[in-house]
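Colleague: Sharing a structure here in structure tokens format.
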Amino acid sequence: MPVKILIVDDEKDIREITQHFLQKRNYSAFIAANQAEAVSLVQSEHPQLILLDLRLGSESGIDILRKIKSIDSNNKVIMVTGLGDDEAFRQAKELGANEFITKPFTADYLHQLIVKTLQ
């Protein structure tokens, strides 16, 4: 059974490109644009890994991380950001984020980080 990965990002292109990339590597990839969709998919699909954007329009990735971890504290989470926000990184780490990746990144680097985080 393929590893389930949830991609949470407010940018449609990012969600779809990442989903396609992961599916080509035999992951089962789901996408969410906001907290409501993310929470619903965490509850229904039980992903092993979540790629979570730090800023989703008006929503905070930190708030979504808090909610996701309250549902299933075993989820592995890679926080994705376009900004180097040390305070947000510290907060996310305290809430259980496993790794961080800063945009832009290469597909190969993302895949290496996913493999490392799932080990």
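The values are calculated or read from the model by the stated rules, or taken from the named source; none is laboratory data. All values reported here derive from a predicted model rather than from experimental measurement. A quick note on method: Cβ atoms are made from the backbone with ideal geometry, for glycine too, and the neighbour counts reach across all protein chains shown.
Colleague: In the stretch 18-28, which residues are within 14 Å of the chain's Cα centre (by Cα) and either farther than 16 Å from residue 113 by Cβ or among the acidic types (Asp, Glu) (or both)?
Modeller: Answer for the stretch 18-28, where residues must be within 14 Å of the chain's Cα centre (by Cα) and either farther than 16 Å from residue 113 by Cβ or among the acidic types (Asp, Glu) (or both): 19, 28.
Let's see how each residue does on (1) among the acidic types (Asp, Glu); (2) closer than 19 Å to residue 9 by Cβ:
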position: 87; (1), (2): yes, no
position: 90; (1), (2): no, no
position: 94; (1), (2): yes, no
position: 111; (1), (2): no, yes
position: 118; (1), (2): no, no
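Colleague: Does the stretch 80-94 contain at least one residue that is part of a helix (DSSP H, G or I) and under 18 Å from residue 22 (Cα atoms)?
Modeller: Within the stretch 80-94, none of the residues are part of a helix (DSSP H, G or I) and under 18 Å from residue 22 (Cα atoms).
Colleague: If you check every pair at least six apart or on different chains, which have Cβ atoms under 6 Å apart with a residue in the stretch 30-55 that is among the small types (Gly, Ala, Ser) first and a residue that is not in a helix (DSSP H, G or I) second?
Modeller: Sorted first by the residue in the stretch 30-55, then by its partner, the pairs are 32/8; 33/10; 38/8; 38/32.
Colleague: Going through the stretch 1-48 one residue at a time, which ones are of a type in the set (Asp, Glu), at pLDDT below 95 and part of a helix (DSSP H, G or I)?
Modeller: Listed by number, the list holds a single entry, 13.
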